[in-house]
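Quick notes on the structure that follows.
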Amino acid sequence: VTNSSAYVRHKGKPVLCIWGFGFTDRPGTPQDAQTVIQFFKNAGCTVMGGVPTYWRTLDHDSQTNAAWADAYRAFDIISPWSVTRFRDTTGADNFKSTQLIPDLADCATNNIEYMPVVFPGFSWHNLKPAYPLNDIPRYGGSFYWRQVYNAISAGCTMLYGAMFDEMNEGTSMFKMAPTAAQLPAQGTFVPLNIDGANLPSDWYLRLADQA
C-alpha cells in the first residue's frame, strides 16, 4: 500500500496516523501507546497522533497518568482534537492563546511537529436530538477561516481539516445544499444559508483550498 504514489509521505516516510490514545473515554495505557508508536517508527513510518486537546497538561479530555506525557511526545507529529472545544471566533482566539501557542512551544522543544485541527462548525442534532440544530454555527465560513488564520499566524505549518465527510457531527466540507429548498424532504439538515449567507455548494472546499 505504501508503495503507491498516492500515499501521503512526510520527509520521505509514509505517514501513519493513530487516533485516540490518551482520551478519557478510550482504552489503552501509556505503555500500550509507546509500544504501538515504536512499532510503526521501527517500520519506517512518520507516526502522527490524534491526541486529546489537553495532552500537554494531562487534564480535561486527557487521561491524567503522568506516563502519558512521554507517550504523547513519542509521536513524530501531534494533532490535538479540538472540535467543540470552542464555539465562536472569540473562543477560537482564546484557544490560540491558551492552547496553540503553548502547544507549539512544547513541540518545538521536543522536536515534534504540530498539526492543529480546524473545523467549519458543528451539529449532531440527528445523532443526539437533545442538542439543537446548528449547534456551533459556521457563520458563512468566518468561524473556520478564523481558526485557519490563528493557526498560521501562531506559526503552524500544517493543518488537519475536520472533516471532509463527517455528516453525523455536521462538520462535513464536501458539496452541500445551498438552501433549505434543496434539502431532502425527509430529515432535518443544515443548509449552507442557515446563517444568512448565500454560498455555492462547494464553498468549504474552496476555503480548504485557500487555507
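Of note:
- Near residue 157: Cβ cut-off under 15 Å, other residues only, Lys/Arg at +1 and Asp/Glu at -1. The net charge is -2.
- Placing +1 on the Cβ of every Lys and Arg and -1 on the Cβ of every Asp and Glu, with no other charges, gives the chain a dipole of roughly 320 debye about its Cα centre.
- Using a cutoff of 8 angstrom between alpha carbon atoms and counting only pairs six or more residues apart, the relative contact order for the chain works out to 14 percent.
- Carbon + sulfur, % of accessible area of region 120-180 - ligands and nucleic acids excluded, 1.4 Å: 58
- log10 of Debye I(q)/I(0), alpha-carbon scatterers only, for region 20-134 at 0.23 Å⁻¹: -1.30
- Average accessible surface for the chain: 52 Å² per residue, computed with a 1.4 Å probe over protein heavy atoms with every protein chain in place.
- Model label zone, residue 153; criterion: amide N under 20 Å from point 7 Å along Cα-to-beta-carbon; scope region 186-211: 207-211
- Only one of [x] 47, 46, 36; [y] 53, 40, 34; [z] 93, 37, 25 was calculated from the structure for Cα extents along the principal axes in Å, and its label is [y].
- The protection proxy used here, the mean number of other Cβ atoms lying within 10 Å of each residue, ranks peptides 122-132, 83-93 as follows, highest first: 83-93, 122-132.
- Heavy-atom accessible area for residue 163, with the other protein chains in place and a 1.4 Å probe, reaches approximately 50 Å².
- Kirkwood-based shape ratio for region 1-85, expressed as Rg/Rh from alpha carbons: 1.00
The values are calculated or read from the model by the stated rules, or taken from the named source; none is laboratory data. Because the structure is predicted, anything quoted here is derived from the model rather than measured. Every residue, glycine as well, gets a Cβ built from its backbone with ideal geometry; the counts of neighbours run over all protein chains shown. Only protein heavy atoms, including side chains, enter the accessible area calculation; ligands, DNA and RNA are left aside. Shrake-Rupley method; radii C 1.70, N 1.55, O 1.52, S 1.80 Å.
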